[in-house]
Each structure stands twice: as structure tokens, then as C-alpha cells.
Amino acid sequence: MILHIDMDAFFASIEQAVNPRLKGKPLIIGSRAGKMRTVVCAASYEAKALGIHSGMQSRYAFNICPNLEFVAADQAKYIWTSEQIFRLLEGFGFALNYASVDEFQMDIRDYPEPFKLAREIQEQIYANFNITASVGIAKNCPLAKLASKINKPKGVAIINDANLKEVLSLAPLTKACGMAGKTGQTLMAQGLKTCWDIYLNLPGFFGADENPGKFEEPSEDEISRRPKSISHSYTLPNALGNPIVIGAWIRVLSEMVGERLRRKNLTARTVHLWLNMPDKGDFLAQKTFAMPTNDSYEIYRKSLKLMAGMPKKCHKIRALGVTVSYLECQDYLPLLIEERRREALIRAVDGINARFGDSSIFPAQVILTRK
Ligand SMILES: [Mg+2]
């Protein structure tokens, strides 16, 4: 059996938990700080009840409810909370996976009282974090995820062989994982309406008897084989004094470092910059950031910030290097909509370069290094 544990309105609930003034009020979390010029990335249940939902332009949300409370997203806080919840859930002693930042899959095998366990989990999460979760119970991950949505918020639902047809027939197709967008629309155009229709027509979708999720912990061996850092450096043919061209070289190295991180499905929190100056020796700087990244542009921007800490006066640079460390596995997709778009873009670019050769497509800035 799988328990799918899904936090209710996660980001909004966290903000309401840390700031009691926001409790019980319609609240949106914005991807960016400008409250009229951002996208809703989460809405409290009070806001959802008014028809406000994530993905909506914030100004539309304010049209619906001028008194809407607004908080800019604080990703580090959400990730920290998520990690704490993961730890709490680990304490139950079953194999555990991240499904997303606010969803966890627990393989409870043949544990005899899944419903009681689900309630216990909800209580502990509430006692520790003052936020609520819904739990779905079923024989495999897609069904358990669907079950978690049935009685939201604070719900527990079981899908078993006895109620499978009934529950799936009542659930609109768009409730199934991955069916909210175009795929769902295509299937609806073909006459499929409910999750039961999916079950009958796409046998693999809900049908797997075996749990398809991977629940193995990374082995000690795997962790020890994970690199501690990733680094690229370059010695220039001639020392360079033009900060724009130096920046372009940092971009090149950041692109290489980011690509390697992504290939290994890792993210980094610490960025190091090394600059060698023929007249002054080495400049070394590093900084650890709250948000891990494997976006080359982010690594580049962080490296530039480090370079800004160089003693004034522009020195000539002979060699340079970009290193990242504090590497972690990437467990889930980025939290914010804009970041997901960006990740899709980066993945597309990586795909093109993997297929047509390393530098088929690259940032225009890099041209400055090719004279
Ligand atoms: Mg959720």
C-alpha cells in the first residue's frame, strides 16, 4: 500500500502558520514581490473559495477580492519546512519519496491499519507545523495521489478494489495526475470524461498492481560516489583587462559547470570564483546561498557578485575558474511557475546541445570569448 501525503495549500498555509494575522483570510503568494505585477503561485483556501487559483495574474485576483492579503514567495522557508516534514515522516519507519515539494509517497507495504496511520501522520504534521495535510491510500502511486485529492483539505481517502469503479467514475478526468492541461483536453475531446474512463482506456495509467515508484534510499556507495564539487577553469592566451570580456569567460565556465550539474541531476548551494592576476596573484571568493541551483545563468550571476568583491581597480586576469560545491540531489521540480518555465527552457537547450553537439546553441554573450 502507498500513502500519498499532500499538504493543503502548502505555501499559503505556511505563511498563515507563521503570521496569525493572515489566518482565515484570503491570501495569495506571488512569485515576485510586486503585488500587482506577478502571478499567483499559491492561494489560501479562503482565496480559492472566491475562485482565485495559482497561475492567475495577481491583478485579476485583486479584481476579484480587493482586500486580498499578499505575501511574496519565500522559497527557502517552504523548502526548509518541506525537509522538516520529510524528516518527521521518515520517523514512521517506512520507505519514503518526494513526489514534489509538498507531496510525499510512503510505501507502507502490508501495514494493517493504514487509515489510522494516515490520521496519526496528519496529527503529527499539524502538531509540529500548524498546517494540514490530506492523505490518499491505494495500491499504487497514481491511485494514492488521486485519493489524496478526494477529501481535501484535511481528508483521508482510500481507493481499493471494492470502491475503485465508484470513486474513479465520480472523479473528473482532470483530477488525474498530468491531466489538467493539454493531454486532458485531448482525451476529453475523444469522449473520455472521468478517471474511470482513463482506467478502462489507458490500462497502464492507474492499473499497475506493483508500485512503480522507486523507494530505495541512495546507498552509502552512491552518496560517496557523488562529486563533492564541480569545477571548470581556463587559462587565457593573453591577460585580459576588459571586465565585459572577463564576464563572458565567467559565463562560459558557468555554462559548463551548470550543464554538468544538470547531467548528474544535482544542484549546488555554494559558488566559488577564482581569478588569477599576473601582477596581484590569486583572488578567491566563495559564498553559500539559501537556494540551491543548477541554472548556469544563476551560477554566472552569483560569480559576478563574487567578482564585485574584488579590491577596486581593474586588474588584468590571466586565468579563471568557477566551482560549485554543497551539492545535493534534485528531488523535485522548481516551486514557482516562472522557474518551471525556465527549467523547461534549459532542458530544451540541453537537449539540442546533446543532439547536435555541445555548442549548437549558447548565450550570445559567449561570442565575446571567440575572437
Ligand atoms: Mg498540496
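The values are calculated or read from the model by the stated rules, or taken from the named source; none is laboratory data. Since this is a predicted model, take the numbers as computed values, not measurements. Here the Cβ is made from the backbone with ideal geometry for all residues, glycine too, and neighbour counts use every protein chain on show.
Can you give me the number of residues within the stretch 114-144 that are surrounded by 21 or more Cβ atoms within 10 Å (Cβ to Cβ) and of a type in the set (Lys, Arg)? Count: 0. Taking the numbered list (1) within 24 Å of Gly181 (Cα to Cα); (2) in a loop (DSSP other than H, G, I, E, B); (3) polar (S, T, N, Q) in turn, Gln105 passes all entries but (2). Being β-branched (Val, Ile, Thr) and part of a loop (DSSP other than H, G, I, E, B) is the filter here; which residues of the stretch 287-307 pass it? Once the filter is applied, which keeps residues that are β-branched (Val, Ile, Thr) and part of a loop (DSSP other than H, G, I, E, B), the stretch 287-307 yields nothing. All conditions but one from (1) part of a loop (DSSP other than H, G, I, E, B); (2) more than 16 Å from the ligand (Cβ to nearest atom) apply to Leu143; the one that does not is (1).
The lone criterion from (1) outside any loop (DSSP other than H, G, I, E, B); (2) loosely packed, with under 11 Cβ neighbours inside 10 Å; (3) at pLDDT 90 or above left unmet by Ala162 is number (1).
So that you can scan it fast, the table gives a plain yes or no per residue for (1) modelled with pLDDT of 95 or more; (2) surrounded by 18 or more Cβ atoms within 10 Å (Cβ to Cβ):
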position: Asn238; (1), (2): no, no
position: Asn242; (1), (2): no, no
position: Ile246; (1), (2): no, yes
position: Arg251; (1), (2): yes, yes
position: Ser254; (1), (2): yes, yes
position: Gly258; (1), (2): yes, yes
position: Arg263; (1), (2): no, no
position: Arg269; (1), (2): no, no
position: Asn276; (1), (2): no, yes
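Select from the stretch 129-140 the residues that are over 16 Å from Trp196 (Cβ atoms) and small (Gly, Ala, Ser) and write down the one among them that is farthest from the ligand (Cβ to nearest atom). Among those that are over 16 Å from Trp196 (Cβ atoms) and small (Gly, Ala, Ser), it is Gly136.
Consider the stretch 341-363 and keep the residues that are over 27 Å from Ser229 (Cβ atoms) and of a type in the set (Lys, Arg). The one that is surrounded by the fewest Cβ atoms within 10 Å (Cβ to Cβ) is Arg355. Set side by side, the residues Ala99, Ala118 differ, and just one is in a strand (DSSP E or B) and within 16 Å of the ligand (Cβ to nearest atom), which is Ala99. Residues of the stretch 308-334 that are in contact (Cβ under 8 Å) with a residue 60 or more places away in the chain and either assigned to a helix (DSSP H, G or I) or more than 17 Å from Asn265 (Cβ to Cβ) (or both): Cys314, His315, Lys316, Ile317, Arg318, Ala319, Leu320, Gly321, Val322, Thr323. For the stretch 145-159, a tally of residues being farther than 19 Å from Leu202 by Cβ, hydrophobic (A, V, I, L, M, F, W, C) and surrounded by 19 or more Cβ atoms within 10 Å (Cβ to Cβ) returns 3.
Scanning the stretch 102-115 for residues that are in contact with a Leu (Cβ under 8 Å, 6 or more places away or on another chain) and within 16 Å of the ligand (Cβ to nearest atom) turns up Phe104, Gln105, Met106.
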